[in-house]
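The values are calculated or read from the model by the stated rules, or taken from the named source; none is laboratory data. Nothing here was measured: the structure is a model prediction, and the numbers come from that model. Neighbour counts are summed over all protein chains in view; Cβ atoms, including those assigned to glycine, are modelled from backbone coordinates with ideal geometry.
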Amino acid sequence: MKLHELRPAKGATHKEKRLGRGEASGKGGTSTKGNKGSQSRAGYQRKNAHEGGQMPIQRRLPKRGFKNPFRVEYKVFNLGQIEHLVEKYELNDFSHETLREWGLVGQTDKIKILGNGELKSKVAFKVNAISEKAKQAVEAAGGSVELVK
């Protein structure tokens, strides 16, 4: 047997249905689309949330809450996590550039430091926000804090 002699098994393939090609095709006239209506026309697309005339779920459920367009999302690091990262990646400064280098933050992420855990290493911080407790812990460990926008 050669590659050019390979064929599908007998009965494994079927001829494609040729719709709308006259009565002789056995699928002529309406081309299996039924009689009239938008679904029988060319270019029909069902709407995303259409439920066949039933009241759609997004209209049945009440509205709740709101999304604040001015909210600032931060990538949060606790002091305990930072201590672990400093040991793992041998960091001496904790800034957006060094964290991006190791794939820990995205390009547009803002960084915030919180005071949960303990920091023993002397680390220089360049972050967008830091809690008061975390700032005191960093300075007590001999590190420095610089806030960037």
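Looking across the stretch 115-138, just one residue is assigned to a loop (DSSP other than H, G, I, E, B), farther than 15 Å from Ser95 by Cα and of a type in the set (A, V, I, L, M), and that is Leu119.
Return yes or no: is Gly115 modelled with pLDDT of 95 or more, over 20 Å from the mean Cα position of the chain (by Cα) and of a type in the set (Gly, Ala, Ser)? Taking the combined requirement at face value, the residue satisfies it. Of all residues assigned to the stretch 6-20, none qualifies as being surrounded by 10 or more Cβ atoms within 10 Å (Cβ to Cβ), under 30 Å from Val138 (Cα atoms) and either modelled with pLDDT of 95 or more or over 27 Å from the mean Cα position of the chain (by Cα) (or both). Take the residues in the stretch 85-98 that are assigned to a helix (DSSP H, G or I) and under 26 Å from the mean Cα position of the chain (by Cα); name whichever of them is surrounded by the fewest Cβ atoms within 10 Å (Cβ to Cβ). Per the criteria, the residue is Glu97. When Lys120, Lys67 are checked against the criterion of being modelled with pLDDT under 95, under 26 Å from the mean Cα position of the chain (by Cα) and surrounded by fewer than 17 Cβ atoms within 10 Å (Cβ to Cβ), a single residue qualifies: Lys67. A single member of Lys2, Lys47, Lys33 is basic (Lys, Arg) and within 37 Å of the chain's Cα centre (by Cα), and it is Lys47. Among residues of the stretch 130-145 that are modelled with pLDDT of 95 or more, those with a beta-carbon under 8 Å from a residue that is assigned to a helix (DSSP H, G or I) at least six positions away or on a different chain give the pairs Ile130/Val138; Ala134/Leu79; Ala137/Leu79; Val138/Leu79; Ser144/Val138; Val145/Lys135; Val145/Val138; Val145/Glu139. A count restricted to the stretch 70-84 and to residues that are within 19 Å of Ala140 (Cα to Cα) and either within 21 Å of the chain's Cα centre (by Cα) or surrounded by 15 or more Cβ atoms within 10 Å (Cβ to Cβ) (or both) stands at 6. Among the residues making up the stretch 67-84, a single one is of a type in the set (S, T, N, Q) and in a strand (DSSP E or B): Asn78. Restricting Phe70, Phe66, Phe125 to those that are touching a residue at least 12 places away in the same chain (Cβ under 8 Å) and of a type outside the set (Ser, Thr, Tyr) reduces the list to Phe125.
Contact map, the stretch 88-105: first residue closer than 19 Å to Leu119 by Cα, second residue among the basic types (Lys, Arg), Cβ cut-off under 6 Å, separation 6 or more or different chains; pairs are Ser95/Lys126.
Any residue that is within 16 Å of Val76 (Cβ to Cβ) and in a helix (DSSP H, G or I) - is there at least one of those in the stretch 99-114? Looking for residues that are within 16 Å of Val76 (Cβ to Cβ) and in a helix (DSSP H, G or I), one finds at least one in the stretch 99-114, hence yes.
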